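To start, the structure itself, in structure tokens.
The values are calculated or read from the model by the stated rules, or taken from the named source; none is laboratory data. Only a predicted model underlies this, so the values are computations on that prediction, with no experimental measurement involved. Methodologically, a virtual Cβ is constructed for each residue, glycine included, from the backbone with ideal geometry; neighbour enumeration extends over all protein chains shown.
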Amino acid sequence: MNLKDLFPIPDFLNFNNFIVFEPHPDDADIFMDGVIKKLTLKNKNITLITVTNGDKGTYNPEQDEKSLKLIRKEERLNANEILGIKNMIFLDYPDYDLPEKNIIVKEFIKILRELKPEVVFAPDPNLPYEVHPDHKLVGEAVSEAFFFSSMPLIMKDYPSHYVDLISYYLTPYPNKFVDITDTFEFKLKSIKEHKSQFNEENYYKMEIYLKIKNREYGEKIGAVYGEAFKVFTPLHLHTNVDAINL
């Protein structure tokens with residue numbers, strides 16, 4: 001018996017209730033929209049949680065936070081229409097100004113216990129060279145909430161809930177590749193809705209990058225396009241020195 005047999009990782013596509021956490025209003029679209037559309041087409045229950053309002057996400061010195069916040073919310077909702085996302089939560093934290101991690105962890109535990117997902121998605125907090133604190137903090141906070149949600153003596157006012165899997169997108173260490181050939185065009189259309197983030201030139205570069213990268217992932221499983229994830233059970237996230245290799 002090897003370690004992968006001892007700590008098996010189920011296929012998240014076989015589950016039915018999902019929460020996707022994204023730090024900013026376009027993150028899920030860029031890195032996992034093919035899978036999101038794949039799940040909504042199968043009538044899976046998906047809740048998308050946008051943690052910050054993205055009000056700092058611009059290089060335009062004439063843009064103000066209040067109007068950008070409204071623009072980015074509208075763009076997020078427009079992308080949801082393309083993807084078939086019906087359940088949406090805006091936590092509305094300011095971009096680049098999240099509170100301390102323990103505050104967010106407690107909010108996330110509450111959400112997990114109320115919505116009772118089987119699978120949660122989050123950006124991989126261990127991405128090397130990532131400089132944006134929102135990505136790292138959200139990834140870490142979701143990971144802790146995922147692990148501690150099942151422990152009844154933590155936050156006793158909310159009955160404990162066991163979450164089966166956490167699946168990291170934007171990961172350098174994938175162990176799961178999903179065929180998104182049939183949903184790749186939906187991914188591109190949803191990203192195109194984020195006009196405040198991608199002008200025509202930047203969108204063109206993003207499209208070329210995704211075609212190259214998602215083809216690279218697709219080749220791993222004999223598909224035209226794929227998306228990559230690092231999937232763990234709670235057993236993999238505590239005192240497991242082999243987790244990175246599983």
(request) Would you check which residues across the range 190-227 are within 21 Å of A79 (Cβ to Cβ), of a type in the set (V, I, T) and touching a residue at least 40 places away in the same chain (Cβ under 8 Å) and list them? (result) I191
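Here are Y162, Y203: which of them is of a type in the set (F, W, Y), farther than 21 Å from E118 by Cα and not in a strand (DSSP E or B)?
Just one listed residue meets the conditions, Y203.
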(request) Mind listing whichever residues of the range 145-154 are within 28 Å of T171 (Cβ to Cβ) and either assigned to a loop (DSSP other than H, G, I, E, B) or charged (D, E, K, R) (or both)? (result) S149, S150, M151, I154
(request) For the range 32-62, enumerate the residues that are surrounded by fewer than 17 Cβ atoms within 10 Å (Cβ to Cβ) and either in contact with a Lys or Arg (Cβ under 8 Å, 6 or more places away or on another chain) or closer than 24 Å to P99 by Cβ (or both). (result) K56
(message) Can you tell me which condition V142 does not meet? The list is (1) farther than 25 Å from D95 by Cβ; (2) assigned to a helix (DSSP H, G or I); (3) among the β-branched types (V, I, T); (4) modelled with pLDDT of 95 or more, and all the others hold.
(response) (1)
(request) Only residues in the range 107-118 that are under 10 Å from V163 (Cβ atoms) and assigned to a helix (DSSP H, G or I) count as the first member; pair them with residues that are among the acidic types (D, E) and at pLDDT 95 or above, Cβ under 7 angstrom, at least 6 apart or cross-chain, and list the lot. (result) none
(request) Could you tell me whether the range 167-190 includes any residue that is in contact with a Phe, Trp or Tyr (Cβ under 9 Å, 6 or more places away or on another chain), part of a helix (DSSP H, G or I) and among the small types (G, A, S)? (result) no
(message) Condition first: of a type in the set (V, I, T) and either part of a helix (DSSP H, G or I) or modelled with pLDDT under 95 (or both). Now tell me which residues in the range 20-73 satisfy that.
(response) I30, V35, I36, T40, I71
(message) Go through (1) within 19 Å of L237 (Cβ to Cβ); (2) within 17 Å of the chain's Cα centre (by Cα) for I180 and report which single condition fails.
(response) (1)
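With of a type in the set (K, R), more than 22 Å from F177 (Cβ to Cβ) and free of Cβ contacts under 8 Å to residues at least 12 places away in the same chain as the only criterion, which of K42, K66, K73 stands out?
The match here is K66.
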(request) Tell me which residues, restricted to the range 151-182, are under 19 Å from F12 (Cα atoms) and touching a Ser or Thr at 6+ places or on another chain (Cβ under 9 Å). (result) H161, Y162, V163, D164, L165, I166, Y168, K176
